[in-house]
Amino acid sequence: MTASLSAASPSSFEELLPTTRRALLHRIAVAQSEGRAPSLVAAVARDGQMVWSGARSCVDGPGSDADVQYRIGSITKTFTAVLVMRLRDEGLLDLADPLEKHLPGTRAGGATVGQLLSHTAGLPAETPAPWWERTPSSLRPELADVLGEQPQLHPTGRLHHYSNPGYTLLGSLVEAVRGVSWEEALGAEILEPLGLDRTGAQPVHPHAGGWAVHPWADVLLPEPSEDLGLMAPAGQLWSTARDLCRFAVFLTEGDERVLSAESVAEMRTPAVAPEPTGWEGGYGLGIQLTYAKGRELAGHTGSLPGFVAGLWVSAADGVAAVALANATSGPLCGTLAAELVGIVSEAEPRLPEPWRPLPEVDDRLLRLTGPWYWGTHVYGLRLTADRGVALEPLRGNGRPSRFRAAADGTWIGLDGYHRGETLRVVLRPDGSVSHLDLGSFVFTREPYGPDALAVPGGVDPEGWRGI
C-alpha cells in the first residue's frame, strides 16, 4: 500500500466536521499564544490523506502554511532509520551485526546496528564541546571528533540512553554500505518515492527563520542555522507539515517502493524498556513510542536552536498529526501533535470496516474453530483473513495472540507473548486431531480430557470428582 497523501478534492476523502476543525484551530492558537512562538503550523492526516492544516503567526498578512519549511531536528533520525532498515531488508546487513563489520575503526564498533537504532549502544548523548547544534560542522570533521575520548558510557544493550552521535554513526554506515552520501541516499530512496519534494537537508524558500524568545520579555533573537556535517543524520532536515503528513502515513502503512508495512511495523515495536523516568513510553527502531490518554502513538519529536517539531501517528485510529514552530523553546510541539491526534480521534471515531465473510474457507480449518483448553483455561480459536487464526482467552486472564499461516501448515505468532512462536495441529495415528501445540503448551478440546497422552504429565485415571 502506498502513502498516497495529496492535495485531494473533498470528494476523495471525508472532511472533518466544522466543530472538529474549530477545535483544532483553537488548540494551535492557544499553543502559539501561550508558547510565544513567532509562528506555528500544524496538520492532520486521516486514513492516508491530509484533512486539515492551520497556522498562527505574529506577522500580519500571509504567513506560514502547510508548505512552508521548518527545521525538524531529530525527526531526521526516523528518516535515517528507514535507510538502515532498507539495507537490512535487502540483505546487505543484519541488525545483529556489530558496527565494526561494516564501518571499522570507530571505537564504538562493538555496538550492533539494532542497538544504535534503538539507542541502546551505550554511547554518549552528545558530542564533546562545543555544543554541536550551534557551532560549525568544521569543528567535527571526523567520527573521532563526534565520539570524543570516551565513546562508551554504558554497557551495550543494557540501557536506553538517547544518543545523537549514534545516529551520526548510522548515517556513516549508510554511506559505507551504499557508496553514496547520506543525503543522496535519502533523496533517491525516501524523498523521491514518497513525493516529499519540500523536504531536504537545506532550506528552500519559503521557509521559516529560527528565533529565540526571551524568557522574561517579549523580544526576539535570531538563532544561527548551522550545517551539521557529520551530525546531519541526527537532525539536519527541513520539511513542511504537508510532507510530514505524507511521511506519517508511510510510517503507518508502509510503501513497497521504500519499506514494507511489515518493516515499518517492526520499527514501531518497542525494542527496549524505556528509561526509568519514562515508563509511559519507549523506543522502537528510530521511532519514539508513547501513550496519550490511553492511546498508543508512534513518531518522533525534534528540536534545534530556533525550531521545535512533533509528529505522532495512531495506527489504530488512522490519524496522524504534525506540529512545527520556529522558537527555541515555548510550544511543546510533541505534546501538541499528540493532542491534535486525540481531538480528531475522540470527536470523530474511526468507523469500523463493514463486516464481510471470508472469500473461502477450508473445512479442515473450520473444524478447528471453537473452544480449546490449556489446562483449565478456556480459549477460543477463530479464523482470520489469509488463513490466519486468533487464539484468545474467553474468560479470566490469558495471552491472546494472532497467527499467520506458514507454508508447512503451521502458524506463526504475530503479537503478544506468543510472537514468533509456532502453533501446530498434532494428529493421532488415525489422522484425527489430538491437540494443538503452541511452543510446548498443549491445548485440548476438553479440560484434562480423556486423551491423556496429549497432556504433559498425564491425567489422573480416576478423572474428575467431587469432594
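The values are calculated or read from the model by the stated rules, or taken from the named source; none is laboratory data. Note that the coordinates shown come from a computational prediction; the quantities given were computed from them, not determined experimentally. Glycine also receives a Cβ, built like all others from the backbone with ideal geometry; neighbour counts cover every protein chain displayed.
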Exercise. Among the candidates Leu143, Leu173, Leu139, Leu103, which residue alone is among the hydrophobic types (A, V, I, L, M, F, W, C), in the same structural domain as Gly302 (by TED's automatic domain parsing) and closer than 23 Å to Pro270 by Cβ?
Worked result: Leu173
Exercise. How many residues, within the stretch 267-302, are within 16 Å of Asp89 (Cα to Cα) and modelled with pLDDT under 95?
Worked result: 0
Seminar exercise, completed: Subset of the stretch 280-297, residues in contact with a Phe, Trp or Tyr (Cβ under 7 Å, 6 or more places away or on another chain) and within 18 Å of Ser263 (Cα to Cα), comes to Leu289, Leu297
Problem set entry | Some residue of the stretch 170-188 being buried (at least 18 other Cβ atoms within 10 Å of the Cβ) and of a type in the set (Ser, Thr, Tyr) | yes
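Among the candidates Val442, Val433, single out the residue that is touching a residue at least 12 places away in the same chain (Cβ under 8 Å) and buried (at least 16 other Cβ atoms within 10 Å of the Cβ).
On the way: Val433 fails: buried (at least 16 other Cβ atoms within 10 Å of the Cβ).
The conditions single out Val442.
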Exercise. Are there any pairs with C-beta distances below 9 angstrom linking a residue in the stretch 367-389 that is in a loop (DSSP other than H, G, I, E, B) to a residue that is at pLDDT 95 or above and aromatic (Phe, Trp, Tyr), with the two at least 6 apart or on different chains, and if so which?
Worked result: Thr384/Phe403; Gly388/Phe403; Gly388/Trp411
Exercise. For the stretch 436-467, what are the residues that are closer than 29 Å to Gly420 by Cβ and of a type in the set (Val, Ile, Thr)?
Worked result: Val442, Thr444, Val455
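Checking the structure you have, find out if any residue of the stretch 410-422 is closer than 23 Å to Thr269 by Cβ, acidic (Asp, Glu) and either modelled with pLDDT under 95 or touching a strand residue (DSSP E or B) at 6+ places or on another chain (Cβ under 7 Å) (or both).
yes
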For this session: Would you check if there is a residue in the stretch 323-344 being at pLDDT 95 or above, crowded, with 20+ Cβ neighbours inside 10 Å and under 23 Å from Ser263 (Cα atoms)?
Result: no
Exercise. Which condition number does Ala3 fail, the rest of (1) outside any strand (DSSP E or B); (2) surrounded by 14 or more Cβ atoms within 10 Å (Cβ to Cβ); (3) modelled with pLDDT of 95 or more being met?
Worked result: (3)
Problem set entry | For Val308: the one exception among (1) closer than 29 Å to Ser225 by Cβ; (2) at pLDDT below 95; (3) among the β-branched types (Val, Ile, Thr) | (2)
